[in-house]
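Trainee: The structure is given below, and queries will be raised subsequently.
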């Protein structure tokens with residue numbers, strides 16, 4: 001498996017294309033859908049699905065344009081199923097001059113479990129705290145975790161937005177993220193890649 005990272009929009013949220021020779025997924029098309037589409041076409045790739053790690057505005061802003069080009073299923077945790085249409089819940093009302101809304105009707109993720117798609121097998125992890133419906137995608141064989149805004153290089157997700165919960169975030173980190181193999185590469189929702197081992201050793205929010 002390979003991946004391409006696109007920092008998009010005013011907050012430079014990371015959109016990812018995960019792909020191999022047969023299949024690809026798009027995760028968090030937050031803005032600049034034309035950039036992602038141009039890259040997909042240049043590499044002769046067509047996504048089989050879109051996953052949203054959560055539904056904050058900076059992770060969903062390019063969703064409608066992408067799905068208009070590629071009418072594929074969009075997966076989002078059921079706890080945030082109403083956020084696509086709600087600028088107050090997705091945060092755009094607080095931060096942007098124009099609200100962000102999406103007309104997409106997502107496939108609802110209702111819990112953790114294994115998914116198989118395009119010959120790939122991966123786990124959906126429920127990783128709430130930054131938002132109530134945050135999920136992470138864990139590809140155990142490849143040693144990759146697409147974490148959304150749960151953890152970053154040297155930091156963790158904020159919890160002062162609607163539905164955020166600091167205690168829950170720390171529980172998520174302790175029970176879902178840090179027990180993964182230390183060599184697991186973390187593809188975060190903002191900023192550069194890191195590993196579980198690096199964050200265990202040096203992330204100031206995880207010490208003590």
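Trainee: Is it the case, given these coordinates, that residue 103 is over 21 Å from residue 9 (Cα atoms) and not in a helix (DSSP H, G or I)?
Mentor: Values: over 21 Å from residue 9 (Cα atoms): no; not in a helix (DSSP H, G or I): yes.
In short, no.
Trainee: So which residues in the range 32-54 are assigned to a loop (DSSP other than H, G, I, E, B) and either in contact with a helix residue (DSSP H, G or I) (Cβ under 7 Å, 6 or more places away or on another chain) or over 19 Å from residue 191 (Cβ atoms) (or both)?
Mentor: Those that are assigned to a loop (DSSP other than H, G, I, E, B) and either in contact with a helix residue (DSSP H, G or I) (Cβ under 7 Å, 6 or more places away or on another chain) or over 19 Å from residue 191 (Cβ atoms) (or both): 43, 44, 45, 46, 47, 48, 52, 53, 54.
Trainee: Would you tally the residues in the range 137-169 being in contact with a helix residue (DSSP H, G or I) (Cβ under 8 Å, 6 or more places away or on another chain), over 13 Å from residue 199 (Cα atoms), modelled with pLDDT of 95 or more and surrounded by fewer than 24 Cβ atoms within 10 Å (Cβ to Cβ)?
Mentor: Looking only at that region, the number is 1.
Trainee: With the condition kept exactly as written, say whether any residue in the range 31-40 is in contact (Cβ under 8 Å) with a residue 60 or more places away in the chain and closer than 27 Å to residue 140 by Cβ.
Mentor: Checking the range 31-40: not a single residue is in contact (Cβ under 8 Å) with a residue 60 or more places away in the chain and closer than 27 Å to residue 140 by Cβ.
Trainee: Is there a residue being closer than 21 Å to residue 52 by Cβ and in contact (Cβ under 8 Å) with a residue 40 or more places away in the chain anywhere in the range 193-202?
Mentor: Yes - at least one qualifying residue is present in the range 193-202.
Trainee: On to the next question. Keeping to the range 28-46, report how many residues are in contact with a strand residue (DSSP E or B) (Cβ under 8 Å, 6 or more places away or on another chain) and surrounded by fewer than 24 Cβ atoms within 10 Å (Cβ to Cβ).
Mentor: The qualifying residues number 7.
Trainee: Let me ask you something else. Quick check on my filter: what residues within the range 74-93 are part of a helix (DSSP H, G or I), in contact with a helix residue (DSSP H, G or I) (Cβ under 9 Å, 6 or more places away or on another chain) and either without any contact (Cβ under 8 Å) to a residue 40 or more places away in the chain or buried (at least 17 other Cβ atoms within 10 Å of the Cβ) (or both)? Show your work before the answer.
Mentor: Let us first name the residues in the range 74-93 that are part of a helix (DSSP H, G or I), namely 78-80, 83-85, 87-90, 92-93.
Checking the rest, the ones that are also in contact with a helix residue (DSSP H, G or I) (Cβ under 9 Å, 6 or more places away or on another chain) come to 80, 83-84, 87-90, 92-93.
Residues satisfying the conditions are 80, 83, 84, 87, 89, 90, 92, 93.
Trainee: Pairs only if they're at least six apart or on different chains, beta carbon under 8 angstrom, first in the range 103-126 and at positive phi, second outside any strand (DSSP E or B) and surrounded by 14 or more Cβ atoms within 10 Å (Cβ to Cβ); list them, first residue then second.
Mentor: 118/23; 118/48; 119/23
Trainee: Does residue 65 meet the test of being surrounded by 15 or more Cβ atoms within 10 Å (Cβ to Cβ), without any contact (Cβ under 8 Å) to a residue 60 or more places away in the chain, more than 14 Å from the chain's Cα centre (by Cα) and not in a loop (DSSP other than H, G, I, E, B)?
Mentor: In short, yes.
Trainee: In addition: Scan the range 178-192 for residues that are assigned to a loop (DSSP other than H, G, I, E, B), in contact with a strand residue (DSSP E or B) (Cβ under 7 Å, 6 or more places away or on another chain) and without any contact (Cβ under 8 Å) to a residue 60 or more places away in the chain and jot them down.
Mentor: 180, 182, 183, 184 - these are the residues of the range 178-192 that are assigned to a loop (DSSP other than H, G, I, E, B), in contact with a strand residue (DSSP E or B) (Cβ under 7 Å, 6 or more places away or on another chain) and without any contact (Cβ under 8 Å) to a residue 60 or more places away in the chain.
Trainee: Let me ask something else about it. Tell me which residues, restricted to the range 114-166, are more than 18 Å from residue 28 (Cβ to Cβ) and part of a strand (DSSP E or B).
Mentor: Listed by number, the residues that qualify are 114, 116, 121.
Trainee: Separate question: Condition first: part of a loop (DSSP other than H, G, I, E, B), in contact (Cβ under 8 Å) with a residue 60 or more places away in the chain and either within 18 Å of the chain's Cα centre (by Cα) or loosely packed, with under 13 Cβ neighbours inside 10 Å (or both). Now tell me which residues in the range 16-27 satisfy that.
Mentor: 22
The values are calculated or read from the model by the stated rules, or taken from the named source; none is laboratory data. These figures come from a predicted structure and were not determined experimentally. So basically every Cβ, Gly included, is an ideal-geometry build from the backbone, and we count neighbours across all protein chains shown.
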